[in-house]
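A short worksheet on the structure shown next.
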Amino acid sequence: FVEGDHGPKKGGDFGQVKRPPPVRLRVPVMSNAKLLVACACGAALVSLLHLLSDGYFSSLGLLERTVNKPGSSGIVGISQPCEAGMLCPLLSKDIENSQIRREGSALSAATSGKAFVGAKIREFDSELRFQERVPSSPSLVSAAQPSCKHWSVVTTIFPPSEAVKKQAKLKDWCIVVVGDRKGPHTFEMECEETCIFLDAAGQDALRDDAVWAPFFEHVPWNHFARKNIGYLFAVAHGAEKIWDFDDDNMLLSDQLLFQPEKGRAFAVYEVPEALIKNRTAFNPYPTMGCRHFPCWPRGYPLQYIKESYPKPSALVKRDIEGESVAVVQSLANHDPDVDGVHRLTQTLHFDFSDADVRLPMLVPKGTLTPWNAQATLFTKKGFWMLLLPQTVHGRVADIWRSYFAQRLGIDLGLRIAFSPAQVVQNRNAHDFVGDMTSEMPLYRQSLRLLDYLTREWRPDPKAHLPARIERLWIDLYEREYIEKDDVTQLQHWLQALIDIGYEFPAV
């Protein structure tokens, strides 16, 4: 322990000479190299403190002591002066400047960062296209080739990875690879009729098709949203299931497991309702074998990461109708999908233990869970859920998609399941602090979004599904979660699905 000493103070509110209690900072013994790494990580987290809203890190338990400052209710941080070298002054000064104050167990709104409220601040002033009826047309691409029932969709700017090569060899599966202007310019795989590579020129050719033109017009280049083209291509070419994956997520076996089938029972685990009563969010990672705690998926509200979780022994095994499952999210071993805060503060690489939970686990009814675009199976009833927002960062887009879609799916009786790990992720190089910066809307807005979706938003009970989707996206635009271009693109997406003959689930 290192003890700091403020020395004696006189007069003022103290009334007598007092010596504030020492503040203790744990400083592990480490080499100079490790100390530099620790300093860098600490500086990154402090930078995040400046940007985050009320109370995020008090819930994480990262900040425990108060600065002894006359006339203050206590700024969260470490007292000055400090004899721990450069690390202690860096933390104490930055935290003090952040003006985060603790009053009892709550943070003072008068002196802390401004929280995201999610109130309606603007109006959508363009045409509503699906509120009265669904614009109908005969399928314009019913004879499109190649035609497959099972499609894998991936977007990349790199040559074929081992994950993509393995996916391309799956029996009875086709794959569409969506490139970008950055590349790749060629894409060699050991398949012909079942492998489609859409480079920039190939995508421009599709743009000339009457069905695709309005949708293509609004898809930005050099963006994760190019993946939306692959989804639409797969639906147009006979898809009944779509495996949405990243080029660094490789299957552990030579087939996809846990595939729901129409007319067949689907074995799952379910969480007893009493264990998640009054919750809006559900964290599947601890129950499904994460080896440390806290442990949470990217997009999960940070305020909830230390909440209790159901033990595997409390789960109930049952069979449900396969057609009721719209999405099966696979866990990933080695480098699971977690956010930048988790990567900077928790175990970096780990596998999920499958000793206790060997079947998919359903997301409890009435709760929402973030799922991604890295290793996710969509059944036909969930194809309308595939669209990624394009005005937010790629590390936000798939999480927003999952929350929006789940809320709409609740009213349709559609279920989301998390399966034991079917992939291993050998993650492409990332800057963790850069990830954290890109994910800022997740940290600031997820909790409020979940409250709005589960407790406030209600659809018109007479509206069909396309009308409900359009209405929800407009409401979220008006509350600053997405932008107007996202709503416009959603309208083109819904019309394109109608034009290629997709049948929306009945409400």
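The values are calculated or read from the model by the stated rules, or taken from the named source; none is laboratory data. Source: prediction; values computed, not measured. Cβ: placed from backbone, ideal geometry, glycine included. Neighbour counts: every protein chain shown. Side chains are part of the model used for accessible areas, which takes the heavy atoms of the whole protein and leaves out ligands, DNA and RNA. Shrake-Rupley method; radii C 1.70, N 1.55, O 1.52, S 1.80 Å.
Each Lys and Arg Cβ is given +1 and each Asp and Glu Cβ -1; about its Cα centre, segment 349-400 then shows a dipole of about 300 debye.
Please say if segment 290-342 is rounded, prolate or oblate, where rounded means a/c under 1.5 for a ≥ b ≥ c the square roots of the C-alpha gyration tensor eigenvalues, and otherwise the choice is prolate for a/b larger than b/c and oblate otherwise? Prolate, because a/c is 1.5 or more and a/b exceeds b/c.
Each residue of segment 493-505 is assigned a 3J(HN,Hα), and the resulting list reads 5, 4, 5, 5, 4, 5, 5, 8, x, 6, 9, 6, x Hz, derived from the Karplus form 6.51 cos²θ - 1.76 cosθ + 1.60 (θ = phi - 60°), x at Gly and Pro. Note on segment 155-273: Lys pairs 8 or more places apart or on different chains, Cα atoms under 28 Å apart, count 18.
If R0 equals 30 Å, the separation of the Cβ atoms of Asp460 and Lys277 corresponds to a calculated FRET efficiency of about 0.60.
A simple spin-label model places pseudo-atoms 7 Å from Cα toward Cβ; at Glu240 and His430 they are separated by 3.5 nm. Distances between placed amide hydrogens fall under 5 Å for Ala332 paired with Asp337, all partners being 5 or more residues away or on another chain.
So which chymotrypsin sites (Phe, Trp or Tyr not before Pro) in segment 150-235 pass both tests, a DSSP loop state and at most 11 other Cβ atoms within 10 Å of the Cβ? Please report the intermediate quantities before stating the final value.
Values: sites: Trp151, Trp173, Phe187, Phe197, Trp212, Phe215, Phe216, Trp221, Phe224, Tyr231, Phe233; in loops: Trp173, Phe187, Trp212, Trp221.
Here the sparse-neighbourhood loop sites are Trp221.
Comparing Cα centroids, segment 301-333 and segment 223-297 end up 10 angstrom apart. Here the accessible area is traced with a 1.4 Å probe on the protein chains. For segment 241-284, carbon and sulfur cover 46 percent of it.
Label point of Met189 set 7 angstrom out along Cα-Cβ; within segment 207-240, amide nitrogens under 18 Å from it belong to 226-240. The residues of segment 361-507 have, on average, 29 Å² of accessible surface per residue, using a 1.4 Å probe with all protein chains present. Residues in segment 428-459, backbone N under 17 Å from the label point at Asp411 (7 Å along the Cα-to-beta-carbon vector): list them, ranges by number please. Residues 450-459 fall inside that zone.
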